[in-house]
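Notes for the one structure printed next.
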Amino acid sequence: MTYVLGISAFYHDSAACLVRDGELVAAAQEERFTRKKHDARFPRNAVDYCLREAGITVSHLDHVAFYDKPLLKFERLLQTYLGTAPRGLRSFVMAMPVWLKEKLGTAGLIRKELPGYRKRILFGEHHESHAASAFYPSPFEEAAVLTIDGVGEWATTTFGRGKGHELELLGQIDFPHSIGLLYSAFTYYTGFKVNSGEYKVMGLAPYGQPRFVDAILSKIMDLREDGSFHLRMDYFDYMSGLRMTSSRFDDVFGGPPRTAEAQLTQREMDLAASVQVVTEMAMERQARHVKEVTGADYLCMAGGVALNCVSNGKLLRKGIFKDIFVQPAAGDAGGALGVAMAVWHKYLGKPRMVSPDGRDAMKGSLLGPAPDHDDAKRHLTSIGAPFRELSEEELPGVLAELLEQGNVIGLCQGRMEFGPRALGGRSIIGDPRSRDMQKTMNLKIKYRESFRPFAPACLPEDVADWFEHDRPSPYMLMVAPVLEKHRIAMTEEQQKLFGIEKLNVPRSSVPAITHVDYSARIQTVDERDNPVFYRVIKAFKERTGVPILVNTSYNVRGEPIVCTAEDAYRCFMRTEMDYLLIARCLIKKPEQPKFDDKGDWRKEFELD
Amino acid sequence: MTSPIQNTTAPGLAAGRPPTGAAVLPDLYKAHGDPVEERARLRGEARKLGVAFFVFFSLIIGGLSLIAFNGALRPGVVVSFAAPAGRAAIDVALWDGVTDGWRARWSDGQATPLDALVVAGREAAVDPAELKGLVPLRLQVVDAAGRRRDLGAAYVVPLGAARVAALELPDGTTARAVPSFVHAVRTAKLLGVVPTHCLMSIGALLGLVGVVAPALLVPFYRFWMGYVAAPLGWFNTRLILGLVFFLMFTPMALVLWLKRRGRPEDDPLGLAERPGSYWRRRERPRARTHFERTF
């Protein structure tokens with residue numbers, strides 16, 4: 001057997017992934033173990049876990065691969081400073097120490113962390129790793145590939161073509177021109193945190209009017225018909241400075257950036273809507289160009305921008321490609337998976353088998369550790385937490401009944417998800433029909449901004465009945481509109497409401513998962529990948545006729561998604577969730593002993 | 001907590017356990033920030049710091065101060081063992097670098113300028129200009145039976161000054177000059193102010209504690225890293241990188257900018273707009289060996 005360990009680390013979201021003879025055995029993000037969001041340190045715990053999962057040790061590893069090429073990235077940095085000096089001193093002083101002390105010696109750092117591994121350490125190019133993570137696990141024998149993110153070494157956008165086990169990148173756009181950084185610039189400008197607040201910008205977009213699109217396209221960006229583009233660097237500060245945007249940017253969009261946590265105004269919503277529209281335009285043009293060059297029927301996508309599920313959904317509905325596969329860990333964590341797959345297929349030249357039943361090779365992205373029922377029981381007993389043990393047969397019915405009564409339930413069962421979305425392994429679920437569910441979940445459980453929408457977890461056989469979407473979307477990476485028949489039209493009075501005021505108007509018979517623009521971030525739950533979650537939804541449908549549950553990640557704002565039973569219990573006790581399921585142990589909030597928490601836990605997690 | 005990285009056996013393989021994820025949970029219960037591991041880490045770091053102090057203060061600073069910094073003091077040679085009336089014996093005569101004259105230093109600690117150098121009743125032909133380099137010396141006496149006896153007094157003479165390597169003493173025995181580390185350590189001063197032996201003792205003490213009982217060094221480690229090392233590092237980083245940026249990068253940037261003027265095609269950062277497509281064609285497929293490079 002051949003084992004390949006892929007590693008992503010030292011920038012943001014470090015992760016490890018283990019591939020055995022081309023099969024994904026395990027993958028996990030370090031933040032889940034260290035409880036530090038976007039932890040960029042070497043993924044020691046994630047590597048430990050992957051090895052344990054396979055029952056091997058470091059000495060069994062045949063190849064270890066890192067997800068990008070540090071020297072190329074360093075060259076890009078130096079070139080940038082040479083292009084901008086004498087500006088850029090502060091950024092230089094911030095960046096250089098880490099590079100000189102650590103990053104230039106990435107191979108040595110990895111070796112130090114993996115004593116016993118004496119073979120070569122391999123390095124994949126950043127966007128090749130993304131492309132590999134998109135194409136190799138995809139269900140397509142032949143497909144085009146499009147990767148879009150902030151920046152890797154030089155490339156920020158690439159496209160190519162994959163066939164069998166061959167994958168070739170054909171074209172690219174280089175730093176500083178980047179859709180990811182453009183989106184990040186608006187994230188910064190609207191007062192959110194770069195590298196994690198992009199999701200909020202996307203969530204905010206439907207509340208606004210895209211009135212700045214012309215300004216973006218005429219002033220700060222040159223977007224060509226073929227999807228290639230050029231950003232005018234006078235408006236940005238990220239090449240030489242510590243900010244994303246420059247004062248000229250402020251002039252175009254009327255004022256300085258919003259300060260973090262300040263009141264959101266219509267202007268921020270309009271900015272969000274505008275950059276979202278521009279992103280969609282760019283992606284659509286790029287997809288058309290890629291189609292033209294490669295002639296492929298299918299498209300695979302990865303890179304941070306491919307997490308923009310609103311754009312993904314629109315792209316799918318344009319019908320440029322028959323189907324689109326998006327790597328669920330499209331961000332840098334997925335680079336670990338990509339480079340491991342690339343080593344197997346490209347470096348070792350091994351053939352690739354596409355599943356004949358049209359399923360991808362991601363195993364539902366459930367690639368992390370699972371709570372063992374007996375261990376969970378022991379743990380709960382040891383901390384004196386009363387629980388009820390459910391049999392496999394009764395579990396779906398019991399949960400469905402609780403959900404129907406309006407309870408919010410935490411799920412910690414089965415293997416943990418790889419990638420940023422919770423897919424039913426570490427999720428908080430609730431009844432989507434409830435009018436207050438979105439607000440309750442946002443403010444009382446997740447302690448986050450009330451505008452942020454929740455996703456529906458839906459039975460795959462019913463998805464077309466509820467949404468303008470006719471196929472599985474197992475990774476919550478496609479947004480589609482709720483079908484007309486389920487919508488509730490707004491009265492004239494309600495139409496006049498602005499921005500966030502619209503939030504309180506129920507938009508459909510499942511308001512908790514319907515965004516103000518009637519869209520929903522769909523997840524279909526596959527029975528083979530996640531049988532427990534599937535059966536719970538099915539039981540809920542039998543009781544209520546609705547094949548949908550609200551599904552949000554099991555964490556509070558700023559916290560990484562929970563990993564272990566212990567994390568789940570702690571988070572459960574800190575919030576206003578009603579029930580918690582760990583493996584098959586059902587825990588009821590009022591029955592729990594007083595939870596002794598150290599200090600003010602709300603300060604434990606930095607706001608994201 | 002043992003890490004599987006150090007294990008040599010593969011329990012899961014032996015048990016034929018399917019990859020379900022279940023196997024790992026018990027350990028993950030306590031995987032986050034294990035306090036025992038953290039204490040062990042701190043002790044290890046404290047030990048490293050102690051040893052680093054020993055190496056730096058005892059060996060490097062001590063050595064440098066012995067070799068180089070003492071140059072300003074210019075110790076000389078032994079000249080006479082006859083004491084004038086009312087005085088204790090002369091221990092050492094020194095070349096005083098400040099007054100450019102010979103001084104006798106008496107064993108009661110006082111010093112008097114000397115007019116001439118006298119060795120065993122004769123004027124020594126020692127030219128101060130020849131005193132180059134410094135070797136700490138110790139006086140030994142060879143008696144009639146040929147045994148060496150240590151007189152205990154220490155001297156410093158210039159390297160290669162053969163004429164004072166052996167002194168005939170008034171009682172007929174011969175005093176031989178041999179290098180004396182102890183004397184050098186006792187007299188040398190860093191920058192003429194801080195006694196070298198103090199620094200070397202501090203280094204040796206910290207090194208010893210670090211090796212024997214590193215836990216005792218942990219508070220010192222915290223203090224050092226937080227209040228000394230961090231501010232120093234902060235300042236140094238900015239100073240050095242600032243110099244690099246303004247003395248290397250900025251002139252290079254200027255030269256490149258001058259070279260590029262009027263040549264729009266030379267645009268490594270792609271800052272200029274151009275007609276057509278911004279897509280850049282990738283080079284032909286790369287050899288698989290590119291995985292073996294970091295660039």
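The values are calculated or read from the model by the stated rules, or taken from the named source; none is laboratory data. In this text, all values refer to a predicted model and were calculated from it rather than measured experimentally. Quick reminder, even Gly has a Cβ in these numbers, built from the backbone with ideal geometry, and neighbours come from all protein chains shown.
Below is a table of values for the structure above.
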read-out: Out of A:31, A:125, A:23, A:53, sole residue that is touching a Lys or Arg at 6+ places or on another chain (Cβ under 6 Å), among the acidic types (Asp, Glu) and within 10 Å of another protein chain (Cβ to nearest Cβ); value: A:125
read-out: Selected residue (criterion: farthest from residue A:197 (Cα to Cα)) from residues of segment A:17-39 that are small (Gly, Ala, Ser) and within 16 Å of the chain's Cα centre (by Cα); value: A:27
read-out: Restricting segment A:65-98 to residues that are part of a loop (DSSP other than H, G, I, E, B) and of a type in the set (Lys, Arg), the residue that is farthest from the other protein chains (Cβ to nearest Cβ); value: A:87
read-out: Residue satisfying condition, being basic (Lys, Arg) and surrounded by 23 or more Cβ atoms within 10 Å (Cβ to Cβ), within set A:426, A:448, A:433; value: A:426
read-out: Enumeration of residues in segment A:38-50 that are within 7 Å of chain B (Cβ to nearest Cβ) and among the small types (Gly, Ala, Ser); value: none
read-out: Residue among A:144, A:134 that alone is away from every other protein chain (no Cβ under 11 Å), touching a residue at least 24 places away in the same chain (Cβ under 8 Å) and in contact with a Ser or Thr (Cβ under 6 Å, 6 or more places away or on another chain); value: A:144
read-out: Residue check for residue A:259: surrounded by fewer than 16 Cβ atoms within 10 Å (Cβ to Cβ) and among the β-branched types (Val, Ile, Thr); value: yes
read-out: Within segment A:396-430, considering residues that are assigned to a strand (DSSP E or B), within 14 Å of another protein chain (Cβ to nearest Cβ) and not acidic (Asp, Glu), the one nearest to residue A:363 (Cα to Cα); value: A:426
read-out: Among (1) within 11 Å of chain A (Cβ to nearest Cβ); (2) surrounded by 14 or more Cβ atoms within 10 Å (Cβ to Cβ) - the single one residue B:203 does not satisfy; value: (1)
read-out: Options A:510, A:525: the member that is among the β-branched types (Val, Ile, Thr) and at pLDDT below 95; value: A:510
read-out: Failed criterion for residue A:301 (all others in (1) within 14 Å of another protein chain (Cβ to nearest Cβ); (2) part of a strand (DSSP E or B); (3) of a type outside the set (Val, Ile, Thr) hold); value: (1)
read-out: Looking only at segment B:238-273, and only at residues there that are farther than 21 Å from residue A:94 by Cα and not in a loop (DSSP other than H, G, I, E, B), the one that is nearest to the other protein chains (Cβ to nearest Cβ); value: B:256
read-out: Residue A:184 vs. criteria touching a helix residue (DSSP H, G or I) at 6+ places or on another chain (Cβ under 9 Å), under 30 Å from residue B:286 (Cα atoms) and surrounded by 23 or more Cβ atoms within 10 Å (Cβ to Cβ); value: no
read-out: Pairs where the first residue, in segment B:274-292, is at the interface with another protein chain (Cβ under 8 Å from one of its Cβ atoms) and the second is in a helix (DSSP H, G or I) and surrounded by 15 or more Cβ atoms within 10 Å (Cβ to Cβ), C-beta under 6 Å, 6+ apart; value: B:288/A:347; B:291/A:347
read-out: Residue satisfying all of: in segment A:344-375; more than 13 Å from every other protein chain (Cβ to nearest Cβ) and among the basic types (Lys, Arg); surrounded by the fewest Cβ atoms within 10 Å (Cβ to Cβ) among these; value: A:359
read-out: All positions within segment A:231-247 that are more than 11 Å from chain B (Cβ to nearest Cβ), under 20 Å from residue B:250 (Cα atoms) and at pLDDT 90 or above; value: A:237, A:238
read-out: From A:242, A:223, A:231, A:264, residue being more than 26 Å from residue B:275 (Cβ to Cβ) and surrounded by 13 or more Cβ atoms within 10 Å (Cβ to Cβ); value: A:264
